[in-house]
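Enquirer: Before I ask anything, here is the structure I am working with.
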C-alpha cells in the first residue's frame, strides 16, 4: 500500500509541475501578444494591420487553449475505484439514461464506450457495428449459464 501512496504523490507533483509549465507558456504568449500590439499601433499599411490582427487572434486562441489545459490539469484525479463505480453504475446499467441527458460530451462518451470499433455502412444491409464492445461481451458471459467455474454442489464432488 505504501507504493500506491507514493505513486499518488508523484502524480500530484507532476500535475503541479505541468500547471507551472502552462503558466510559463501563458506568460510567454502574453508577452508575444503585447509585442504584436505594439507593432500594430505603429503600423501604417492596411495589409500589415490585418496581418498583425490575425497574428493576435491566433495568439489569443493559443492562450485560451493553454488556459483550458491548465485548468483541466489542476483538477484532482479520480480514483480508479470511483471511476469504475461510475462506469458500472451509470453506463453499464443504463447507457440510454446518459444519452438522454442531452450533453454532447456524454453522448460522445456513450458512443465511444458502446461502439469502440465505430460503424460500418454497407449499401445493401445498411448500418452495421464492427464488433461487440467488451463490457457487453462480459455481461453476456456472466448471464450465460454454461460458463460456470464450479459445480452446482460446490468445490468438493457431490456424494
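The values are calculated or read from the model by the stated rules, or taken from the named source; none is laboratory data. None of these values were measured; they are calculated from a predicted model. FYI the Cβ positions are ideal-geometry reconstructions off the backbone, even for glycines, and counts take in every protein chain you see.
Enquirer: Yes or no: the stretch 33-44 includes at least one residue that is modelled with pLDDT of 80 or more and not in a helix (DSSP H, G or I).
Expert: yes
Enquirer: Does residue 108 meet the test of being free of Cβ contacts under 8 Å to residues at least 40 places away in the same chain, surrounded by 11 or more Cβ atoms within 10 Å (Cβ to Cβ) and assigned to a helix (DSSP H, G or I)? Quick ask: steps written out before the conclusion?
Expert: Values: free of Cβ contacts under 8 Å to residues at least 40 places away in the same chain: yes; surrounded by 11 or more Cβ atoms within 10 Å (Cβ to Cβ): no; assigned to a helix (DSSP H, G or I): yes.
No; evaluated as a whole, the condition is false for this residue.
Enquirer: With respect to residue 27, determine if the residue is within 19 Å of residue 66 (Cβ to Cβ), assigned to a helix (DSSP H, G or I) and either touching a strand residue (DSSP E or B) at 6+ places or on another chain (Cβ under 9 Å) or modelled with pLDDT of 90 or more (or both).
Expert: Working: within 19 Å of residue 66 (Cβ to Cβ): yes; assigned to a helix (DSSP H, G or I): yes; either touching a strand residue (DSSP E or B) at 6+ places or on another chain (Cβ under 9 Å) or modelled with pLDDT of 90 or more (or both): yes.
Yes.
Enquirer: With part of a helix (DSSP H, G or I), surrounded by 12 or more Cβ atoms within 10 Å (Cβ to Cβ) and within 17 Å of the chain's Cα centre (by Cα) as the only criterion, which of 87, 83, 51, 64 stands out?
Expert: 87
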